[in-house]
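Below: the structure, in structure tokens.
The values are calculated or read from the model by the stated rules, or taken from the named source; none is laboratory data. Predicted model only: the values in this text are computed from it and were never measured. Cβ coordinates were reconstructed from backbone atoms using ideal geometry, including for glycine residues, and neighbour counts include every protein chain displayed. Each accessible area value is taken on the protein alone, full model and side chains, heavy atoms only, with ligands, DNA and RNA left out. Shrake-Rupley method; radii C 1.70, N 1.55, O 1.52, S 1.80 Å.
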Amino acid sequence: MTEGSDSGKVIALHAAVIALLFGLNFVLPDYHHGVLARVLVLTVFAMGYNLLFGYAGLLSLGHAMFFAAGLYGAGLTMFHLGWGVPAAFLAGLVAGAVLALAIGALALRTKGVAFMIVTMMFAQVAYLLVYYFSAWTRGDEGLVVQQQARAITLGGTRLDLTDPTVRYMAALGLFAIVLIVALAIVRSSFGRVLVAIRENEERTKMLGYDTFANKLAAMVASGAICAAAGAAYVILFGYVGSTLASVQYSILPLLWVLLGGAATTLGPLVGTLFMYYVVDITSGYTSAYMLIVGVALILLVLFFPNGILGTIRERWARWLP
């Protein structure tokens, strides 16, 4: 199998996924239309996490703070300062990237379990700050961004982002852009260096690469993508709350990535979609739905040890990125 042939398959697969999601906009019932829009935004969050964990091999338990940076960066500027959607989204994106740069410069001086603990501690500090500044953030109660503020004007046309179709297409647009960016990163020399660091950092250093600088760049890119998801969440769904900054939202993207397949570009989508719908469907039948979810996860680990797409790549489709 030639490299050109594999590249063609990769491009065709990613284009087909985007086309399928675009087509679903016109056929899904209202409930699933709204659910899938939310899943697409959360998938972007998982894709940001996957860049750091899956490709660079850095296990973080603090990515909720980057999602929250985007969430509050966009939400607070819209709610308190009256900023429009583009400026608020940019504020959230910059907040996440700057926070990732600052945290990365400190946390990346540690490795392994120490890195995991340090990121978790920073995330907990960020979570507590939400309560400390509750006069602006309103803590658990959160903020609701009014419908009239969640609109954007393009080419003289006003697009209401609370409209289900516009909201879905905006979520899909963000997902498609991040998917293309992620694919470009992992297939670039930078992406290959990250994989080399994950496999053997000392050997990568011996080859002359600055592993700290590359890991920091991965941290910033990961934080910016997660922040973009957070900013999109508040813009599209209108809510900012402390729950979205809790430790749960640091564990969820790890779970989604592991389910779908770490170090696969489409794994975060598969994992997020699977987990969201398993919880959604089982909770409609029993209050013990987490037991069923647990059994489903155990079966997945047994039969798909590298995640759904990771196992498929290992056994049948080695060309999957």
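Within 10 Å of each candidate Cβ there may be at most 13 other Cβ atoms; applying that plus a DSSP loop requirement, which chymotrypsin sites (Phe, Trp or Tyr not before Pro) in the stretch 22-52 survive? It would help to have the intermediate numbers written out before the result.
Working: sites: F22, F26, Y31, F45, Y49; in loops: F26.
Those that pass, being in a loop and sparsely packed, are F26.
Can you divide the C-alpha Rg of the stretch 180-265 by 2.2 N^0.38 Å and report the result to two decimal places?
Working: Rg = 15.7 Å, N = 86, 2.2 N^0.38 = 12.0 Å.
With N residues counted in the stretch 180-265, Rg over 2.2 N^0.38 Å equals 1.31.
Using alpha carbon centroids, what distance separates the stretch 17-31 and the stretch 296-318, in Å?
26 Å
Could you order peptides 310-317, 269-276, 9-16 by the average number of other Cβ atoms within 10 Å of their residues, highest first?
269-276, 310-317, 9-16
Over the stretch 49-175, what relative contact order in percent results from Cα pairs under 8 Å that are six or more residues apart?
The normalised contact order for the stretch 49-175 reaches 26 percent.
Please state the shape class of the chain: rounded when a/c is under 1.5, otherwise prolate if a/b exceeds b/c and oblate if not, all from the C-alpha gyration tensor.
rounded
Would you compute, from DSSP H runs of 4+ residues alone, the mean residue ellipticity of the chain at 222 nm, taking -39500 (n - 2.57) per run and dividing by the full residue count, rounded to the nearest 500?
Counting only the DSSP helices, I get -24000 deg cm²/dmol.
Please calculate how many Å² of accessible area the chain carries per residue, with a 1.4 Å probe and no DNA, RNA or ligand atoms counted.
46 Å²
Highest mean first, how do 224-230, 72-78, 137-143 rank when packing is the count of other Cβ atoms within 10 Å averaged over residues?
Descending mean neighbour count gives 224-230, 72-78, 137-143.
Let me have the relative contact order for the chain, percent, based on Cα pairs under 8 Å that are six or more residues apart.
Here the relative contact order equals 31 percent.
Rounded if a/c is under 1.5, else prolate if a/b beats b/c, else oblate: with a ≥ b ≥ c from the C-alpha gyration tensor eigenvalues square-rooted, which is the stretch 33-156? Numbers along the way, then the final one.
Numbers: a/c = 2.11, a/b = 1.54, b/c = 1.37.
It is prolate, given that a/c is not under 1.5 and a/b is the larger ratio.
May I ask for the Rg/Rh ratio of the stretch 1-91, computed from Cα atoms with Rh as the Kirkwood radius, given to two decimals?
Reported Rg/Rh (Cα atoms, Kirkwood Rh): 1.09.
From the square roots a ≥ b ≥ c of the eigenvalues of the alpha-carbon gyration tensor of the stretch 113-186, which class results: rounded (a/c under 1.5), prolate (a/b over b/c), or oblate? Present the calculation step by step, with values, prior to reporting the outcome.
Working: a/c = 3.66, a/b = 1.31, b/c = 2.80.
Since a/c reaches 1.5 but b/c is at least a/b, the shape of the stretch 113-186 is classed as oblate.
Between the stretch 266-293 and the stretch 165-192, what is the C-alpha centre distance in whole Å?
24 Å
What percentages, rounded to whole numbers, describe P(r) for the stretch 237-319 computed over all alpha carbon pairs with 5 Å bin width beginning at zero?
Computed distribution, short to long bins: 3, 14, 20, 22, 20, 12, 6, 3, 1.
With viscosity set to 0.692 mPa s at 37 °C, what whole-number translational diffusion coefficient in µm²/s follows for the stretch 178-321 from Stokes-Einstein and a Kirkwood radius over Cα pairs?
Once the numbers are plugged in, D ends up at 190 µm²/s.
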